[in-house]
């Protein structure tokens, strides 16, 4: 029996925002499938239906169904954080047809009389995310909310990270009878109570592209050692960090390397591991200064503190406390393909790094000399040389 499966974006309300093509597909389908909220938008009469948003369950039901025309109803558009992404591969071999719908950002922008082109999209539907980092590095950011992530949560996060002046536009219950559009600044909306069916557009005219090689003087300092700018720049370059990477900074100190990593992995996460409480406090102050809410502070000694962390893509070891072998072993156990970079200032530490990293180690010596004014002249003052050791996957 020939079977056709229509995966349909039903827009905002399944009525006024439903396209004519989608309406015809729903009408002609022999069975309709979707989450309860989505199916409730339609008068299906006696037509068979399955209430589910589980892709595996839906695929199994369709394959077992005798119906020749099946309609799977998805809220909004099938190409915007939709279950269609997981469902389509499970229907391989069947005649599948995707019908687009009106997505939440398109609808909200039309209500705000603005363009959706150029928006940076972040889904916070049932998950946490890098809210401050996204807003700090983009002029206009769209957040899809849901679950425990509320408008107040977003605004409090932005305010905590120095972005309270961000303009916020909130759309609640879009296209429904109780639709509401609210606008204000993040610091004003920290206590906002809004529907869980909400979306937010954050506008930050003071956004900046992610930086690199931040001058030492911009970091909040204490009596904690800090990796200097030139060494940070080369070390992070050796790590070759991508936007979605998970990174460990072991022996985070002031958090200068953590910040540099976090700016490079704006969609990922940095775990700053530090056993000194005073240093951990500095990491917190610096992550807030640079709006890096994608830095998570882990207070404790490595390698024990690494056991509960997610597998790293990249690892920087600024200080090992004499436990380099255990730290490397913990990283390799979690992800054998991770790249590890360590800094050494003594020959003994360099030899230990090469011994632990093995034949796949790459050693770079960096000797920095800075000019300082002496009367009418400038004299060069050398910093201690630093060895940067990189270990590639075995």
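A few notes on this one:
- In segment 224-253, the residues that are more than 22 Å from residue 344 (Cβ to Cβ) and surrounded by fewer than 19 Cβ atoms within 10 Å (Cβ to Cβ): 242, 243, 244
- Number of the condition not met by residue 260 [criteria: (1) part of a loop (DSSP other than H, G, I, E, B); (2) assigned by TED's automatic domain parsing to the domain that holds residue 292; (3) touching a helix residue (DSSP H, G or I) at 6+ places or on another chain (Cβ under 9 Å)]: (1)
- Verdict on residue 164 being part of a loop (DSSP other than H, G, I, E, B), within 30 Å of residue 212 (Cα to Cα) and either without any contact (Cβ under 8 Å) to a residue 40 or more places away in the chain or in the same structural domain as residue 17 (by TED's automatic domain parsing) (or both): yes
- The residue pairs whose first member lies in segment 287-303 and is not assigned by TED's automatic domain parsing to the domain that holds residue 329 and surrounded by fewer than 20 Cβ atoms within 10 Å (Cβ to Cβ), whose second member is at pLDDT below 95 and not in a loop (DSSP other than H, G, I, E, B), and whose beta carbons are closer than 7 Å, counting only pairs six or more residues apart or on different chains, do not exist in this structure.
- Unique residue being under 18 Å from the mean Cα position of the chain (by Cα) and closer than 24 Å to residue 351 by Cα when the list is 314, 269, 323, 332: 314
- Evaluation of residue 76 against (1) surrounded by fewer than 20 Cβ atoms within 10 Å (Cβ to Cβ); (2) touching a residue at least 24 places away in the same chain (Cβ under 8 Å); (3) farther than 30 Å from residue 287 by Cβ; (4) within 26 Å of the chain's Cα centre (by Cα) (one fails), failing number: (1)
- When 241, 201 are checked against the criterion of being in a loop (DSSP other than H, G, I, E, B), touching a strand residue (DSSP E or B) at 6+ places or on another chain (Cβ under 8 Å) and modelled with pLDDT of 95 or more, a single residue qualifies: 241.
The values are calculated or read from the model by the stated rules, or taken from the named source; none is laboratory data. These numbers come from a predicted model, not from an experiment. Every residue, glycine among them, receives a Cβ derived from its backbone with ideal geometry; neighbour counts consider all protein chains shown.
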